[in-house]
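Visitor: Here it is: the structure, laid out below.
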Amino acid sequence: GAPEEGSSCGADNACVSSDACVRALEEARVQAGARLMTQVELLASRLARVELMVGRAEQVANSMQADYHQDRFRTFPHVNSPAWLIRRITQAKPPAWMGADAAVV
């Protein structure tokens with residue numbers, strides 16, 4: 001039932017004096033604090049695992065993107081090597097319509 005008027009008992013009417021109620025409240029506070037700490041540690045652990053999963057997902061995505069890029073642009077070797085493209089252009093013979101004196105030195 002409900003505590004009597006002027007009583008300092010808790011909901012379970014376990015206290016008979018204010019000292020007992022203070023001890024019961026302190027015990028409840030300690031237990032609640034312990035439960036909260038357990039929950040915080042659990043959440044921190046889960047967060048750490050999620051961060052690891054996100055990092056791994058980024059690595060996999062980067063690897064997949066690189067593989068896709070390599071496969072997609074395989075027919076264009078200059079895409080990954082501008083130096084190759086420049087060398088290829090500068091070593092190319094000029095078209096016939098430009099004449100022999102248009103050669104690159």
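Visitor: Whether any residue in the stretch 42-55 is modelled with pLDDT of 75 or more and either more than 44 Å from the chain's Cα centre (by Cα) or of a type in the set (F, W, Y) (or both) is what I want to check.
Guide: no
Visitor: Here are the criteria: (1) open to solvent by less than 60 Å² (accessible area, probe 1.4 Å); (2) modelled with pLDDT of 95 or more; (3) within 30 Å of S81 (Cα to Cα). Tell me which single one Q59 does not satisfy.
Guide: Failing condition for Q59: (1).
Visitor: If you scan the stretch 67-80, which residues turn out to be modelled with pLDDT of 75 or more and either of a type outside the set (K, R) or touching a His at 6+ places or on another chain (Cβ under 6 Å) (or both)?
Guide: D67, Y68, H69, Q70, D71, F73, T75 - these are the residues of the stretch 67-80 that are modelled with pLDDT of 75 or more and either of a type outside the set (K, R) or touching a His at 6+ places or on another chain (Cβ under 6 Å) (or both).
The values are calculated or read from the model by the stated rules, or taken from the named source; none is laboratory data. As the structure is a prediction and not an experimental result, all values here were calculated from the model. Note that we place each Cβ from the backbone using ideal geometry, even for glycine, and neighbour counts take in every protein chain shown. Ligands, DNA and RNA are stripped out before the accessible areas are found, and what is left, the full protein with its side chains, is counted by its heavy atoms. Shrake-Rupley method; radii C 1.70, N 1.55, O 1.52, S 1.80 Å.
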